[in-house]
Structures are given as C-alpha cells and as structure tokens.
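Asker: My questions will all concern the structure given below.
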Amino acid sequence: MASVPFDQLEGYIWMNGEFVRWADAKVHVLTHGLHYASSVFEGERAYGGEIFKLNEHTERLHESARILGFKIPFTVEELNEASRKLLAKQGFQDAYVRPIAWRGSESMGVSAQANKINVAIAIWQWPSYFDPAQKLKGIRLDLAEYRRPDPKTAPSKSKAAGLYMICTISKHAAEAKGYADALMLDWRGQVAEATGANVFFVKDGVIHTPTPDCFLDGITRRTVIDLAKRRGYEVVERTIMPEELDSFEQCFLTGTAAEVTPVSEIGPHRFTVGEIAINLMNDYAAEVMPKKAAAE
Ligand SMILES: Cc1ncc(COP(=O)(O)O)c(C=O)c1O
C-alpha cells in the first residue's frame with residue numbers, strides 16, 4: 001500500500017453529500033483552499049469498525065471552520081453519518097479517517113466571501129504512524145527551528161491546513177537528520193508539541209504536559225489525561241521550559257495518528273521507555289476499542 005499514491009487508492013470518497021469513486025474525487029487547480037490555505041481538516045481513527053470519538057472530531061471540524069470564518073454546509077450529525085456509512089462502504093475495521101472542508105473556485109483572491117464551502121471524507125488503511133518496532137524502543141525527536149505561533153498571529157485553535165506548513169518543514173528537517181519527528185517550542189520558547197502530536201513527560205511518578213494555550217488540545221491528549229487519572233497518576237498541566245528536558249525520566253507523544261508513542265531522545269536529552277508510558281500506551285489501545293453493550 002505504501003507505494004500506491006493516494007490519488008490512486010481504491011473505493012469511494014464522500015464529497016459534498018455523495019459517494020464518488022476514489023479516482024473522481026477531484027478539485028480544480030484554481031481552488032481557494034489550495035492557494036490561500038482556506039482549509040480545515042480532521043484526523044480520526046476507526047478501531048474494530050467504529051470511529052473513536054467521532055462526534056468530538058466532527059465538532060472540532062465545525063469549530064475549526066468557524067474560526068477561519070466559514071460554515072460547513074452539513075451538520076455534525078450528517079457528517080458523522082457520512083463517515084460511518086463510508087467506513088462500512090470501504091469495508092475496513094481499522095482505518096484512518098480524513099474529513100476536510102475548503103473554500104472552492106468561485107473567485108480567486110484573498111477575499112473569497114462567496115466561494116462555496118466544499119467538504120469531503122476519505123478513509124484508508126493506515127496501521128502505524130511511527131515504525132511499530134521503533135515505537136516500542138521510543139522514537140527519536142529533533143528540536144525544530146520553527147516555533148508554534150502566538151495566537152495573536154495565527155488561528156492556533158483551528159486544525160487549519162495553513163498551520164501545518166511549519167510542521168512539514170520541521171518534520172522534513174528532522175527526517176533528513178535521521179530523526180522520526182521534531183519537538184516544537186512556542187513563540188515564547190516554551191515546550192509546545194511535536195509536528196502532529198502532543199507531548200508528555202514523567203518525573204518522580206508525576207506526569208507533566210504543556211498547557212495547550214497556542215496549540216491543539218488534542219482529543220488523544222485529553223483521553224490520555226483521563227486514563228492517567230483513572231490509574232491514580234498525578235497530571236500537571238503547566239509551562240515547561242526546554243532547560244527542564246534533562247530532568248524528565250520518560251517522554252511520550254499522543255495523537256490520533258501517533259496514539260501513545262514513547263520517546264527515547266529529544267536532541268541531546270535521553271529518556272527511558274518506562275512503566276507509565278507503557279501503561280498509558282496499553283490503556284489507550286484498550287480504550288479505543290468499541291465498547292460492546294453491557295448486556296452482551
Ligand atoms: C499539530 C498537532 N497537535 C496535536 C495533535 C493531536 O490531536 P488529536 O489527539 O486530537 O489527534 C495533532 C493531531 O491531530 C496535530 O496535528
């Protein structure tokens with residue numbers, strides 16, 4: 001599958017209310033979303049035939065669009081229903097789900113008040129974001145040159161395509177040096193997140209994670225905080241400075257794609273793949289599985 005380009009996969013894509021053949025789900029080159037990044041998206045995973053926290057993701061998609069100044073012309077429930085039907089139509093149990101909404105081609109220019117809002121959902125099989133063997137040993141992160149922007153300079157609470165420009169540059173730079181990903185600081189120089197996942201640390205049995213005031217408060221992040229509390233772990237959300245990295249014993253990333261991924265290195269700093277990271281990795285793997293009705 002890895003060698004097949006994404007525009008040549010098989011099956012159907014849901015586009016503006018209809019299921020169209022994968023090869024026919026096209027946009028014109030003069031599309032506002034492509035030129036001006038007027039596009040928001042989601043990343044979801046299905047496990048055992050059900051999309052984990054589907055409603056939260058769809059609500060976030062609507063909110064991301066609202067922040068960018070447009071309204072998605074389908075309700076949350078309509079998009080949820082389309083996603084469920086598409087998953088069944090694609091015939092997958094475990095898969096990645098990618099809804100996206102963007103401004104269309106009716107006019108070109110910074111202003112696009114009257115452009116139609118398009119929405120599509122694609123679903124494909126995508127087993128592991130990071131190499132599964134490496135994941136158990138802990139992945140290696142570089143320190144990114146770019147920083148997460150001040151919320152006064154970018155709509156940082158929106159899962160907007162434009163915010164991923166610096167993520168791709170940073171991830172490419174890290175990969176070129178043999179790392180799996182990069183840790184980004186924020187505009188103040190505080191530890192923020194990886195290019196597509198939130199970050200957690202462990203010191204003396206306590207979990208520490210940066211306060212999400214200028215980056216995505218991930219749905220996985222919130223799930224993992226709940227799981228940690230259920231186990232009785234203390235979780236502290238606070239400002240974390242890069243100078244502190246040496247004092248942490250464990251580190252892990254969380255995200256829909258990354259799930260819970262232990263980290264062994266960030267630049268010169270070393271971490272062990274410890275009990276708390278492993279427990280949360282396993283708890284998350286159990287949590288995402290569909291819950292059967294209590295009577296069954
Ligand atoms: C930049 C960034 N931060 C954090 C996350 C984690 O968010 P979630 O757990 O909702 O997938 C993601 C993934 O969507 C992301 O792209």
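Taken together, the values in this text are just the output of simple stated rules run on the coordinates, not laboratory data. The structure displayed is predicted, hence computed values, not measured ones. All Cβ positions, glycine included, derive from the backbone under ideal geometry; neighbour counts span all protein chains shown.
Asker: Which length gain, in nm to one decimal place, applies between GLU265 and GLU50 when the Cα-Cα distance is subtracted from 0.36 nm times their residue separation?
Answerer: My answer for the length gained is 74.0 nm.
Asker: Just to confirm a number: summing +1 for Lys and Arg and -1 for Asp and Glu over residues other than ALA154 whose beta-carbon lies under 12 angstrom from that of ALA154, what do you get?
Answerer: +2
Asker: Explain nothing, just compute: Karplus ³J(HN,Hα) = 6.51 cos²θ - 1.76 cosθ + 1.60, θ = phi - 60°, for every residue of region 28-34 in order, whole Hz, x for Gly and Pro.
Answerer: Ordered by residue, 3J(HN,Hα) equals 7, 5, 8, 10, 4, x, 6 Hz.
Asker: Decide, for region 56-164, between rounded, prolate and oblate: order the square roots of the alpha carbon gyration tensor eigenvalues as a ≥ b ≥ c, take rounded if a/c falls under 1.5, and otherwise choose prolate if a/b is larger than b/c, else oblate.
Answerer: Since a/c reaches 1.5 but b/c is at least a/b, the shape of region 56-164 is classed as oblate.
Asker: Provide the descending list of Cα extents for region 206-247 along its principal axes, expressed in whole angstroms.
Answerer: Computed over region 206-247, the largest-to-smallest principal extents equal 30, 23, 12 Å.
Asker: Let me ask you something else. To the nearest 10 degrees, how steep is helix 275-287 against the longest Cα principal axis of the chain, on a 0 to 90 scale?
Answerer: Long axis of 275-287 versus the principal axis of the chain: about 30 degrees.
Asker: Something else about it: What is the list of residues in region 77-102 whose amide nitrogen lies under 15 Å from a point 7 angstrom out from the Cα of VAL4, following Cα to Cβ?
Answerer: Counting only backbone N, you get 90-93, 95-96.
Asker: Could you estimate the translational diffusion coefficient of region 153-207 from the Stokes-Einstein equation, with Rh from the Kirkwood formula over C-alpha pairs, at 10 °C and 1.306 mPa s, in whole µm²/s?
Answerer: Approximately 126 µm²/s, per Stokes-Einstein.
Asker: Something else about it: Of all the C-alpha pairs in region 132-287, what % are more than 26 Å from each other?
Answerer: Percentage above 26 Å: 18.
Asker: Also: Which ³J(HN,Hα) values, rounded to whole Hz and listed in residue order, are derived for region 134-150 from phi using the Karplus coefficients 6.51, -1.76 and 1.60 in 6.51 cos²θ - 1.76 cosθ + 1.60 with θ = phi - 60°, glycine and proline given as x?
Answerer: 5, 4, 6, 7, x, 8, 9, 10, 8, 9, 6, 7, 7, 10, 4, x, 4
Asker: What full-extension length gain, to one decimal in nm, is calculated for ASP217 and ARG84 as 0.36 nm per residue of separation minus the Cα-Cα distance?
Answerer: 45.4 nm
Asker: What is the set of long-range amide H partners of GLY267 at a cut-off below 5 Å, with H atoms built 1.01 Å from backbone N?
Answerer: Those lying under 5 Å, H to H, from GLY267 are LEU141, ASP142, LEU143.
Asker: Using the Cα gyration tensor of region 1-107, with a ≥ b ≥ c the square roots of its eigenvalues, what is the shape: rounded (a/c below 1.5), prolate (a/b larger than b/c) or oblate (neither)?
Answerer: Verdict is oblate for region 1-107.
Asker: Return the FRET efficiency for the residue pair GLU237, HIS28: r is the Cβ-Cβ distance, R0 is 41 Å, and the value is rounded to the nearest 0.05.
Answerer: 0.40
Asker: Label region 1-59 by shape, choosing from rounded, prolate and oblate, from the square roots a ≥ b ≥ c of the eigenvalues of the Cα gyration tensor; if a/c is under 1.5 it is rounded, and otherwise prolate applies when a/b is larger than b/c, oblate when it is not.
Answerer: Judged from the Cα gyration tensor, region 1-59 comes out oblate (a/c at least 1.5, b/c at or above a/b).
Asker: Non-local amide H neighbours of ILE240 (under 5 Å, H modeled in plane, Pro and chain starts lacking H): which ones?
Answerer: Hits under the 5 Å cutoff: VAL191, THR211.
Asker: Helix 76-90 versus the longest principal axis of the chain: what angle, 0 to 90°, nearest 10, using Cα atoms?
Answerer: Once rounded, the angle reads 90 degrees.
Asker: Let me ask something else about it. According to the Kirkwood expression over distinct Cα-Cα pairs, how big is the hydrodynamic radius of the chain, in Å?
Answerer: Hydrodynamic radius (Kirkwood, Cα pairs) of the chain is 20.1 Å.
Asker: Using 1/(1 + (r/R0)^6) with R0 = 41 angstrom and r between the beta carbons of GLU77 and GLU175, what's the FRET efficiency to the nearest 0.05?
Answerer: 0.55
Asker: Now a separate question. Using just the helices of the chain, give the 222 nm mean residue ellipticity in deg cm²/dmol: DSSP H runs with n ≥ 4 each add -39,500 (n - 2.57), and the total is spread over all residues, rounded to 500.
Answerer: Roughly -8000 deg cm²/dmol at 222 nm, from the helical runs in the chain.
Asker: Mind giving me the FRET efficiency for GLN134 and ARG66? R0 is 25 Å, r the Cβ-Cβ distance, nearest 0.05 is fine.
Answerer: Calculated value: 0.10.
Asker: Using modelled backbone amide H atoms (1.01 Å from N, in-plane), which distant-in-sequence or interchain residues come within less than 5 Å of SER39's amide H?
Answerer: ALA161, GLY162
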